[in-house]
Amino acid sequence: MTKREEKLFINGDEAVAIGVRLSRPNVISAYPITPQTIIVERLSEMVEDGSLKSEFMHVESEHSAISAAMGASVVGARTFTASSSQGLLYMVEGLYYAAGGRFPIVMVNANRSLALPWSIYGDQSDSLSQLNSGWIQLYAENAQEALDMVIQAYRISEDPSVLTPFMVNIDGFVVTHMCEIVSIPDQEKVDKFLPTFFTKNKMSFDKPLNMGMSTTPQDNLEFKYQQNKAVIDSVKVIEEVDKEFGKIFKREYGGLVEAYHCSDAEGILITLGSLTGTARVVVDKMRSEGKKVGLLKIRYLRPFPIDKVNSICKNIKKIGVVEKDISFGYEGTLFTNISSSLNRLENDPKIVNFICGLGGRDVSKKDLEEMFLKVLDDSAFANNDRVQFIGIKVSVNGC
């Protein structure tokens, strides 16, 4: 008889902490920042009560947190850290070191707005500013996906063909603090799915390695080529790991993307993170009213799922990209990536960028339905405004 998974009513941060515990990291380097603090608080409690055997390092800053994680990873330890917003920016120097050193650190970033104005609420400006840092980036829709993806993240990042740090992103407060029923994987199954970490890319007295090298212009390009190739090669690993996870735990997420009612859609929205859940409800409502709309959920933004995106969008004429960030003076970062991908398509779809949710502003079902309607009736494309802000209440001079 198959053992049933335990179910708990918990928030996203607590789900992440349980996912970390099940992954058995050797070292946790922690510094609190809202809205990820609950993650490291729960992990410290687990270490204290003995349910997690790990070295818990309460460091003095986010910069120290990523530095400690690298120090542990360089000797072959499985490591975890977490951050958010300005804390993630304080880590930035270390993000590039970790990726260049090929250290498979797993981090959970609780997406939060960047200052100024100062805000503790969530948008995705922090992580999207770091797409070039060399980390794999995933955006989880809810607490269950966040827990499961922590476990998958270790399996993917530690694969010998990948050896790349992994950032699991969860929307601040919407996922981090909202409670839902979460299925908890069985530890024995997790141990079979995620074996003890072993890597040759570590310090060793028997086979000494230069782990923090400098290069000349004659050598640097080759290192970056290999780093880029590892991220591209992770595509195959991501797909295989997700399918294996689905067979064992009966939850499969579609790998790089998830398409919902896209095959016959006249217009779709493309989303990232927790917005997807609300948009899916709107799709169901509009479908029941006879409107052919669909939804494309981007799960991984690095590696970018160009083949998947183009395969799904090749027959779709109208597309709206919905995101909670803005690259000032241009457009949203997700939109830039999507539009670059779609430029390769022969069907030349119309595409518009909806900017919303900045600083934690609510994005309602009504807002998303209005976006769908604008896409369907072509009003979104009427003035060639590639970027449209949703929910502006006052003029610029009045802000």
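Read-outs throughout are calculated quantities, based only on the coordinates presented, and are distinct from any laboratory measurement. Computed from a prediction, not measured in an experiment: that's the story for all the values here. Note that we place each Cβ from the backbone using ideal geometry, even for glycine, and neighbour counts take in every protein chain shown.
Spatial offset of region 38-84 relative to region 158-173 amounts to 15 Å, using the alpha carbon center of each.
Fully extended, how many nm does the chain gain between Lys192 and Asp49 (0.36 nm per residue separation, minus their Cα-Cα distance)?
Between Lys192 and Asp49, full extension yields an extra 49.0 nm.
Label-to-label distance for Asp348 and Asn384 is 1.4 nm, based on points extended 7 Å past Cα in the beta-carbon direction. Going by neighbour counts of Cβ atoms within 10 Å, the residues Ile351, Ile338, Ile39 line up, fewest first, as Ile351, Ile338, Ile39. About its Cα centre, the dipole of region 257-398 is roughly 240 debye, where the only charges are +1 on Lys and Arg Cβ and -1 on Asp and Glu Cβ.
Ordering Thr216, Thr199, Thr271 by the number of other Cβ atoms within 10 Å of each residue's own Cβ, fewest first, gives Thr216, Thr199, Thr271.
Applying a DSSP loop filter and a limit of 14 other Cβ atoms within 10 Å to the trypsin sites (Lys or Arg not before Pro) in region 1-104 leaves Lys3, Arg4, Lys53. Annotation: peptides 287-294, 127-134, 106-113, ranked by per-residue average of other Cβ atoms within 10 Å with the highest first, follow the order 106-113, 127-134, 287-294. With 0.36 nm allotted per residue and the present C-alpha distance subtracted, the Lys366-Glu239 stretch has 42.3 nm of extension available.
When the listed pairs Lys324/Lys365; Lys3/Lys365; Lys224/Lys247; Lys291/Lys366 are checked against a 27 Å cut-off, the alpha-carbon distance exceeds it for Lys3/Lys365; Lys224/Lys247.
If you take every residue apart from Arg299 with its C-beta less than 12 Å away from the C-beta of Arg299, what net charge results, scoring Lys and Arg +1 and Asp and Glu -1? Numbers along the way, then the final one.
Details: positive: Lys297, Arg302, Lys308; negative: Glu141, Glu145, Asp148, Glu239, Asp242, Glu252, Glu258.
Summing Lys and Arg as +1 and Asp and Glu as -1 gives -4.
For region 6-249, the dipole from Cβ point charges (+1 on Lys and Arg, -1 on Asp and Glu) about the Cα centre works out to 680 debye, to the nearest 20.
How do Glu158, Glu239, Glu62, Glu370 rank when sorted from fewest to most other Cβ atoms within 10 Å of their own Cβ?
So the ranking, lowest neighbour count to highest, is Glu239, Glu370, Glu158, Glu62.
Ranking Ser85, Val321, Gly332 by how far each Cα lies toward the positive end of the dipole of the chain (charges on Cβ) leaves Val321 at the top. Along the axis of the charge dipole computed for the chain (Cβ charges of +1 for Lys and Arg, -1 for Asp and Glu, origin at the Cα centre), the listed residues Thr176, Ile28, Met286 are led at the positive end by Met286. For the chain, the Stokes-Einstein estimate of translational diffusion at 10 °C and a viscosity of 1.306 mPa s comes to 73 µm²/s, using the Kirkwood hydrodynamic radius over alpha-carbon pairs. Model label sites at Leu116 and Lys285, defined 7 Å from Cα along the beta-carbon direction, differ in position by 3.9 nm.
Label-to-label distance, Gln226 versus Ser204, with points set 7 angstrom from Cα along the beta-carbon direction: 1.5 nm.
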